[in-house]
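Accompanying notes for the structure given below.
Each reported figure results from applying straightforward, stated rules to the coordinates on display, with no laboratory input. Computed from a predicted model, the values in this text were never measured in an experiment. Here the Cβ positions follow ideal geometry from the backbone for every residue, glycine too, while neighbour counts run over all protein chains shown.
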Amino acid sequence: MNAHDWDDRYRTSELVWGAPPDPWIVEQVTILPPGRALDVGTGEGRHALWLATRAWDVTAVDYSRVGLDKAATVAARSPRTVRARLHWTPLDITADEVPDQPYDLVVWAYVHPAPEHRAAAIARAAEALAPGGLLLLLAHEQADSHPGLPVFGAAEVSEALPEDMVVEHVEWRESDPYHGTGTDLAVRARRRRADVITP
């Protein structure tokens, strides 16, 4: 699906993905001190808004302007201090440079570029991290409900990451209710700090 397709999809449903953030994202982020976050493919902004309520300053990017407009409308119900931490930014992660780097956290939740663009897009997102910054990536490894979706696995993610990224955790789980049936891949990777010496 391209940006036009996603614009159409977001126009035809109140909330395509629902409002709550993904439980795995919540589990990983809750223990972190707030900082600057990049939400890749934010869609209707469920993760960006949740992060902002936890004092994160969030740049939320997507190539669907309709999705960004919906996200801003949902966020408009939040307190002014929360809204001030949200920066809705039209951007195609497969082609555009990430603004306002670096970030302490990058959230990549169910963004599925075409295979020929995927490695560069993952690398671009990871390279936006500050030293010590964390990438949280959720994706379909098997998507029973979405035939034709370009799924991908842990090895591909690992190979796409820059050399200064360390994969800390990988797990597989059933897809959440908003994403149909299948198996999801969850990856946590961290950018090495400059003072960490590796053999």
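What is the distance, in nm, between label points placed 7 Å from the Cα along the Cα-to-Cβ direction at residue 65 and at residue 87?
Reported label-point gap for residue 65 and residue 87 is 2.0 nm.
Peptides 155-163, 127-135: what's the order by average Cβ count within 10 Å, highest mean first? Don't jump to the answer; show the numbers that get you there.
Numbers: 155-163: 14.9, 127-135: 20.0.
So the order, starting with the most tightly packed, is 127-135, 155-163.
If you add up the charges near residue 97, with Lys and Arg at +1 and Asp and Glu at -1, over every other residue whose beta carbon is less than 15 angstrom from its beta carbon, what do you get?
Working: positive: 124; negative: 92, 96, 100, 127.
Here the count lands on -3.
For the residue pair residue 54 and residue 117, what label-to-label distance in nm results when each label sits 7 Å from Cα along the Cα-to-beta-carbon direction?
Computed distance between label sites residue 54 and residue 117 equals 2.9 nm.
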